[in-house]
1. Could you check region A:176-204 and list, in sequence order, the residues that are touching a helix residue (DSSP H, G or I) at 6+ places or on another chain (Cβ under 7 Å), surrounded by fewer than 23 Cβ atoms within 10 Å (Cβ to Cβ) and touching a residue at least 60 places away in the same chain (Cβ under 8 Å)?
2. Tell me, which residue of region A:256-275 that is assigned to a helix (DSSP H, G or I), within 14 Å of chain B (Cβ to nearest Cβ) and not β-branched (Val, Ile, Thr) is surrounded by the most Cβ atoms within 10 Å (Cβ to Cβ)?
3. Among (1) of a type in the set (A, V, I, L, M, F, W, C); (2) facing chain B (nearest Cβ under 9 Å); (3) farther than 22 Å from A:Pro23 by Cα, there is one condition A:Phe278 misses while meeting the rest; what is its number?
4. Looking at A:Pro339 and the list (1) facing another protein chain (nearest Cβ under 7 Å); (2) modelled with pLDDT of 95 or more, which single condition is not satisfied?
5. Please go through region B:216-252 and give me each residue that is touching a residue at least 40 places away in the same chain (Cβ under 8 Å) and part of a loop (DSSP other than H, G, I, E, B), ordered by number.
6. Considering every residue within region A:357-380, establish whether at least one is touching an Asp or Glu at 6+ places or on another chain (Cβ under 7 Å), touching a residue at least 12 places away in the same chain (Cβ under 8 Å) and more than 8 Å from every other protein chain (Cβ to nearest Cβ).
7. Under the condition of being more than 7 Å from every other protein chain (Cβ to nearest Cβ) and outside any loop (DSSP other than H, G, I, E, B), which residue from region A:304-319 is nearest to A:Glu163 (Cα to Cα)?
Amino acid sequence: MNLKTFRGGIHPPEHKEPTRDLPIEHVPTPKSVVIHLTQAIGAQNQPLVKVGDRVVKGQMIGDVQACPAATVHASITGIVKKIEPAPQSNLKDGMAVFIEADGTDETVYMAPLDAFVCSREEAIKRLRDAGVVGMGGASFPTDVKLAPPADKPIDTIIANGSECEPYLNIDYRTMIESPADVVEGLAIAAHIVGATRAVVAIESNKADAVPVIEREFQQHAHGMHMETVLVATKYPEGGEKMLMKAVTGREVPSKGLPFDIGVICQNVGTLKAIKEAFVDGKPLIERGFTVSGGACKTPKNLYAPIGTVIADLIPDVIQISDDVRKVIFGGPMMGVTVPSLQTPVAKGTSGILFFSAAESKQYEERLCIRCGRCADACPAWLMPMLMNAALDANDANRADAIGLVDCFECGACSYVCPARIPLTQRFKLGKDLLRNQRAKEARHGK
Amino acid sequence: MENKTMKLVLSGAPHFVTGNDIQKTMGMVIIALLPALAGGVYFFGPRALLVTAVSVVSAVAAEFLFRKALRRETHVTDLSAVVTGMLLALILPVSSPLWMAAVGSAFGIVVAKELFGGLGGNFANPALVGRAVLLMSWPAFMTRWSPSLHAAVVDATTTATPLGILKLGGTIADVIKSVGASGKSALYLQMFLGNRAGCIGETSGLLLLLGAAFLVVTRVIDLRTPVAMIAAVFAASWLFGRDPVFSVLAGGILLGAFFMATDYVTTPVTPIGKWAFGIGAGFMTVLIRQLGNFPEGVTYGILLMNVVVPYLDKIIPRKFGFVKPRKVNA
């Protein structure tokens, strides 16, 4: 079969077998949680609670009157013990609310809201009040994403079931276990933006999810045109821009946004959260994630309150071996290594990987041999080796001319590099260098 | 909590890397050169192997000793020096003095590669630089050709290459006579199989294509440059009134196109650059054959193009998202 895809990309080993067929397991309510006030791209939230307050599961505890930002909520019922900086999976150590459970399972959710009856403004407000963000990893506030400017009409919405990161299976399990929620959420999102075409894009290695999803179209499509599209199993197929190109053939313009081409893409987990925000009135306070890796003795798909500290899951829920060297939040291609097991699960945590010493090998970096594999792998069709050469010469402007800012740091170039050059890292730093140079030029009135 | 003393490593994404490294890539090139080397032994005798061994050992030793002398890390295990040594031997006559092969590959490694920082820093192909220097320094040794052991007509211990016969004013008919072929197509076949005088590894198109096919299938090399170079040789030869098929099969075109013009470090990385490099190298080669002093021009053709690579690398291909804004139907 001729699968839809994009040009470029790589085929890393999938490592999905250990957790592929394991149902999502709900962890017992933790005794305490650490909820960071700011978990999404955007403005810094202010706490809405004080130390000593009793908070109820579902209660909003962090907000700021700014756009974009996403509210945060208590994920367990209990007492606020302290509000102070804590290790965060984005390595920013932001302010967090420490809640100690009081053993009750009281909840305070919002009243259900019929997305197909309420106004657009009400619907957007609901998404904001529920603190829904993109759960594939980027944590972009969903209320902002589903409210594109009026002059940018949306005709297509894509449910992202591609999950191209190795090891991770949480999106796949969500599709298999909660297909009705995913399709209902897709219908709601499509209705909010006025899309006429709703597509569930699934990688070919998860083809068995296709009939499961299609079965729900009858009941949950709300009269909308829905279809599934099988896309090639390739990294980064689940990258928003790549998936849009594969499904619609349209390219998000450089420095532009998806709504410039009339498309919106939402992770399937996010769609489930959208459904819950409307149908159940439940804010985004829990999420699923895959736990795996060579140093993880108990690969699993888990469902836990946001703010659950990994250390608290060990050893009752997760067992890790002594030779663990890396703890990665997210997948192995774009995930972030954290320095401490005291790091809590965040809204954007799609996986937690424990890598052994053998999996954490460091390599000697060699000079670029210009083999061109990075350019073949680059889904943005850049020339990483030339950008690297320009940055070696501290010439950020030259690197930019080649395409530095069009790099979205998927890691494909670093993965294929036979000289073991950390290209992706170099480009992250290069973007800082470019910003600094531009700022300097601006100051000197250039 | 357990593992209180656990040491966690922090590193930037990705946390995954392919198993393919420089050593494996160079290993593939070595494998791809083996058919041509075997052909060299078949057509010119076991001395071909001796010349190759000396050239390889000299290249590896030169790299190792140079880096040791500079107290830098040695990288001979990446096998790139082995490739350079092999390539140089394959473009030498089988009668080359062993000391000359050693000097050529050591010169290529030290002057063309290590002085520029080692693998990745060089701007010119070390094997070709080695050959160019030998050709200028000891032209007599570099143009002393032995006939193929399987030649139909052998009337001397030395002979001329097909291109050499043309340079001395001969015609294709003279070449046909020299290999004892029955006609033009029989000549083409003899040349394609490699049954002619020439450098150790350049004569057999068949064996070179075999190795090249391996590199193409394993995606080590890109076909753009060799295709462009061969096409340019064909076209330019035709323009100059030379037999185009003969021109492609003669000399070192196929070896140069598939194994030298595809050298990663010294050729363009941009797609248009690759086409331009191939066309330029092919055209320069024919110009040298037609107008120059030497019968063959592949070495200088490619070296000349090596110099302009930084310019060819400025031709950046279209990036994702650089399309005209789409009209959205409201």
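The values are calculated or read from the model by the stated rules, or taken from the named source; none is laboratory data. Source: prediction; values computed, not measured. Note: ideal-geometry Cβ built from the backbone for every residue, glycine included; neighbour counts use all protein chains shown.
1. Residue satisfying the conditions is A:Ser178 alone.
2. So, considering only residues that are assigned to a helix (DSSP H, G or I), within 14 Å of chain B (Cβ to nearest Cβ) and not β-branched (Val, Ile, Thr), the one surrounded by the most Cβ atoms within 10 Å (Cβ to Cβ) is A:Pro258.
3. Only one criterion is unmet by A:Phe278, namely (2).
4. (2)
5. B:Thr218, B:Val220, B:Ile221, B:Asp222, B:Phe240, B:Arg242, B:Asp243, B:Ala250, B:Gly251, B:Gly252
6. Taking every residue of region A:357-380 in turn, at least one turns out to be touching an Asp or Glu at 6+ places or on another chain (Cβ under 7 Å), touching a residue at least 12 places away in the same chain (Cβ under 8 Å) and more than 8 Å from every other protein chain (Cβ to nearest Cβ).
7. Of everything passing the filter in region A:304-319, A:Ala304 is nearest to A:Glu163 (Cα to Cα).
Yes/no per residue for (1) over 21 Å from A:Gly351 (Cα atoms); (2) touching a strand residue (DSSP E or B) at 6+ places or on another chain (Cβ under 9 Å):
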| site | (1), (2) |
| --- | --- |
| A:Thr5 | yes, yes |
| A:Gly8 | yes, no |
| A:Asp21 | no, no |
| A:Val27 | no, yes |
| A:Pro47 | yes, yes |
| A:Gly52 | yes, yes |
| A:Lys57 | yes, yes |
| A:Ala86 | no, yes |
